[in-house]
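One structure below.
The values are calculated or read from the model by the stated rules, or taken from the named source; none is laboratory data. Remember, predicted model here, so these are calculated numbers, not experimental data. Here the Cβ positions follow ideal geometry from the backbone for every residue, glycine too, while neighbour counts run over all protein chains shown. Accessible surface areas use protein heavy atoms only, side chains included; no ligands, DNA or RNA. Shrake-Rupley method; radii C 1.70, N 1.55, O 1.52, S 1.80 Å.
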Amino acid sequence: GAVVSQHPSWVICKSGTSVKIECRSLDFQATTMFWYRQFPKQSLMLMATSNEGSKATYEQGVEKDKFLINHASLTLSTLTVTSAHPEDSSFYICSASEGGEKLFFGSGTQLSVL
Amino acid sequence: DAKTTQPPSMDCAEGRAANLPCNHSTISGNEYVYWYRQIHSQGPQYIIHGLKNNETNEMASLIITEDRKSSTLILPHATLRDTAVYYCIVRAIYNFNKFYFGSGTKLNVKP
């Protein structure tokens, strides 16, 4: 099946710094990618829909200035957590569809903010 | 969007079939039933999906009731590596916007 690569797998940062997470579709073009967040022992929560060449669409309650999404090409979307704080520590997961019937997910990024 | 209801957890003996139920009584005619699983600290993995007919692939079988209000995912011979959280999601085909996850079922496969 289609492969979605996410980098880094884990990151530790100091409070107040910004962290960028990359999501790449390796063998297909994705006009739309999706970003999820998952806290321990909870389900995945959809944060935003990333559209190539246009602004992302954020779910209710997700701060767009806090979580900057850039989808500059058909194979790359980035999520930047700005001015990270300990409460932003979470597992972030991206996903993409190759236009078919399935949605493929990256392996996730564990963010720990000290 | 149609909501789904799944039991929070289930146990299964290794080598036996695991049958995971999902209720989706408000499913619309154009909505498919998707199953994904998430092994600890990994991204969700696609398992199978279907509209109204039963489906089978190398991983599992999907049985959908005639009225489409419920379905069952069957892992024919569960192994310890099948221990994971299994999510049942209903969504219109080709439209993955608002692809929401419910709470899922934690399947514990025991030796």
Matching residues, the range A:86-106, being in contact with a His (Cβ under 8 Å, 6 or more places away or on another chain) and either in a strand (DSSP E or B) or in contact (Cβ under 8 Å) with a residue 40 or more places away in the chain (or both): A:Lys102
Please verify whether B:Arg81 is more than 10 Å from chain A (Cβ to nearest Cβ), open to solvent by 10 Å² or more (accessible area, probe 1.4 Å), under 25 Å from A:Gly108 (Cα atoms) and part of a strand (DSSP E or B), treating the condition exactly as stated. no
So which residues in the range A:25-68 are acidic (Asp, Glu), open to solvent by 50 Å² or more (accessible area, probe 1.4 Å) and touching a residue at least 12 places away in the same chain (Cβ under 8 Å)? A:Asp27, A:Glu52, A:Asp65
Scan the range A:3-19 for residues that are closer than 13 Å to A:Leu76 by Cβ, surrounded by 15 or more Cβ atoms within 10 Å (Cβ to Cβ) and not polar (S, T, N, Q) and jot them down. A:Val4
Of those in the range B:21-36 that are open to solvent by 30 Å² or more (accessible area, probe 1.4 Å) and under 13 Å from the mean Cα position of the chain (by Cα), the residue farthest from B:Ser103 (Cα to Cα) is B:Tyr32
Set B:Ile48, B:Ile89: member being assigned to a strand (DSSP E or B), in contact with a Leu (Cβ under 6 Å, 6 or more places away or on another chain), within 11 Å of another protein chain (Cβ to nearest Cβ) and open to solvent by less than 40 Å² (accessible area, probe 1.4 Å): B:Ile48
At the interface with chain B (Cβ under 10 Å from one of its Cβ atoms), part of a strand (DSSP E or B) and within 28 Å of B:Gly104 (Cα to Cα): is that true of A:Thr49 in this structure? yes
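In the range B:96-107, how many residues are open to solvent by 20 Å² or more (accessible area, probe 1.4 Å) and within 9 Å of chain A (Cβ to nearest Cβ)?
First, the residues of the range B:96-107 that are open to solvent by 20 Å² or more (accessible area, probe 1.4 Å): B:97-98, B:100-103, B:106.
Those still in the list that are within 9 Å of chain A (Cβ to nearest Cβ) too: B:97-98, B:100-103.
So the answer is 6.
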Mind listing just one residue for me: the one in the range B:51-78 that is more than 14 Å from every other protein chain (Cβ to nearest Cβ), in a loop (DSSP other than H, G, I, E, B) and within 19 Å of B:Thr26 (Cβ to Cβ) and, of those, modelled with the lowest pLDDT? B:Lys52
With A:Ser25, A:Ser43, A:Ser77 as the choices, which residue is away from chain B (no Cβ under 12 Å), within 26 Å of B:Met59 (Cα to Cα) and in contact with a Ser or Thr (Cβ under 6 Å, 6 or more places away or on another chain)? A:Ser25
